[in-house]
1. Residues in the stretch 151-164 that are within 15 Å of ligand 1 (Cβ to nearest atom) and in contact with a Leu (Cβ under 7 Å, 6 or more places away or on another chain): how many?
2. On the given criteria, is SER73 among the small types (Gly, Ala, Ser), out of contact with any strand residue (DSSP E or B) (no Cβ under 9 Å at 6 or more places or on another chain) and surrounded by 14 or more Cβ atoms within 10 Å (Cβ to Cβ)?
3. Output the number of the condition that LEU170 fails; it satisfies all remaining conditions of (1) under 29 Å from THR79 (Cα atoms); (2) modelled with pLDDT under 95; (3) surrounded by 12 or more Cβ atoms within 10 Å (Cβ to Cβ).
4. What number of residues within the stretch 20-68 satisfy the criterion of being in a helix (DSSP H, G or I), away from ligand 3 (no atom under 16 Å from the Cβ) and crowded, with 18+ Cβ neighbours inside 10 Å?
5. For the structure I just gave you, tell me whether GLU62 is within 14 Å of ligand 2 (Cβ to nearest atom), among the charged types (D, E, K, R) and more than 20 Å from ALA109 (Cβ to Cβ).
6. Does at least one position in the stretch 34-57 carry a residue that is under 20 Å from ILE169 (Cα atoms), in contact with a Ser or Thr (Cβ under 9 Å, 6 or more places away or on another chain) and more than 16 Å from ligand 1 (Cβ to nearest atom)?
7. Could you please tell me which pairs satisfy a Cβ distance under 8 Å, a separation of 6+ or placement on different chains, a first residue in the stretch 81-102 that is within 13 Å of LEU146 (Cα to Cα), and a second residue that is within 16 Å of ligand 1 (Cβ to nearest atom) and among the acidic types (Asp, Glu)?
8. Tally up the residues in the stretch 85-130 that are away from ligand 1 (no atom under 13 Å from the Cβ) and either within 30 Å of PRO179 (Cα to Cα) or in a loop (DSSP other than H, G, I, E, B) (or both), please.
Amino acid sequence: MTTENLLQGVNVFLIGMMGTGKTTVGKKLAQRLNYRFFDTDVLIEKVTKQSITNIFATQGEETFRDLESQVLSELSSCTKSVIATGGGIVLKSINWSYLHHGLIIWLDAPVSVLNKRLAKNTTRPLLQETDLQLKLQSLLEERHSLYAQSDLQIIIDQHQTPNDVVDQILQLVPTVIQPKFNISQELN
Ligand SMILES: Nc1ncnc2c1ncn2[C@@H]1O[C@H](COP(=O)(O)OP(=O)(O)OP(=O)(O)O)[C@@H](O)[C@H]1O
Ligand SMILES: O=C(O)C1=C[C@@H](O)[C@@H](O)[C@H](O)C1
Ligand SMILES: [Mg+2]
């Protein structure tokens, strides 16, 4: 059975640290699965008509986290969607009740890789004006046990392209989903 058929329209939520590729990989995964693609960060910016940087600066992280939960709650009622989440989605316990509506996949890349990818980035407020490597390390320490509550961990190395990561996901999803047997067929 293909991974697409196995999923039976169930949403896929991508979680993980900033820079692991949730947005980049999520778009490609959605294409491969014939799913829609959503990104909680992008939706927050659309709904508020403000950048994430601006929300953090003018209203603070707590307001951002509330918006994030609202957006996730709306998305959890969709089907056939790949949803790239913000790196901090795992922090609020209410978010887990929404994430568990779908299959939760943790993209896990080493801090050294994230550091290289995000070195020049200016759109992630938690990473500005700080030692990037140290900040990434401390965020990962704080969040590791939360990310580990995912259904599936995808370990990514520095050589893997986004398409390689998609291939790895499609290969591993069947290891965590049982095919649903068709009971109605048995009853006829
Ligand atoms: N497998 C990869 N190989 C090389 N570069 C990658 C890979 N995946 C993502 N990138 C690059 O790393 C950067 C961060 O990727 P992306 O924005 O997809 O991460 P994210 O997990 O969505 O981060 P955030 O939590 O902040 O939204 C981008 O510039 C992207 O092009
Ligand atoms: O890891 C985080 O806390 C964040 C990650 C980004 O995706 C954004 O959601 C925001 O910059 C915060
Ligand atoms: Mg993203």
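The values are calculated or read from the model by the stated rules, or taken from the named source; none is laboratory data. The structure displayed is predicted, hence computed values, not measured ones. Virtual Cβ from ideal backbone geometry, glycine too; neighbours counted across all protein chains shown.
1. Within the stretch 151-164, the subset within 15 Å of ligand 1 (Cβ to nearest atom) is 153-164.
Still in the list and also in contact with a Leu (Cβ under 7 Å, 6 or more places away or on another chain): 154, 156.
Going through the stretch 151-164 one residue at a time, the tally reaches 2.
2. Values: among the small types (Gly, Ala, Ser): yes; out of contact with any strand residue (DSSP E or B) (no Cβ under 9 Å at 6 or more places or on another chain): yes; surrounded by 14 or more Cβ atoms within 10 Å (Cβ to Cβ): yes.
Taking the combined requirement at face value, the residue satisfies it.
3. Every condition holds for LEU170 apart from (2).
4. Here the count works out to 1.
5. yes
6. Within the stretch 34-57, the subset under 20 Å from ILE169 (Cα atoms) is 34-39.
Next, only the ones that are in contact with a Ser or Thr (Cβ under 9 Å, 6 or more places away or on another chain) stay: 35-39.
Next, only the ones that are more than 16 Å from ligand 1 (Cβ to nearest atom) stay: 35-36.
Within the stretch 34-57, one or more residues are under 20 Å from ILE169 (Cα atoms), in contact with a Ser or Thr (Cβ under 9 Å, 6 or more places away or on another chain) and more than 16 Å from ligand 1 (Cβ to nearest atom).
7. If the second residue must be within 16 Å of ligand 1 (Cβ to nearest atom) and among the acidic types (Asp, Glu), the pairs left are GLY88/GLU68; ILE89/GLU68; LYS92/GLU68; ASN95/GLU68.
8. Matching residues across the stretch 85-130 total 15.
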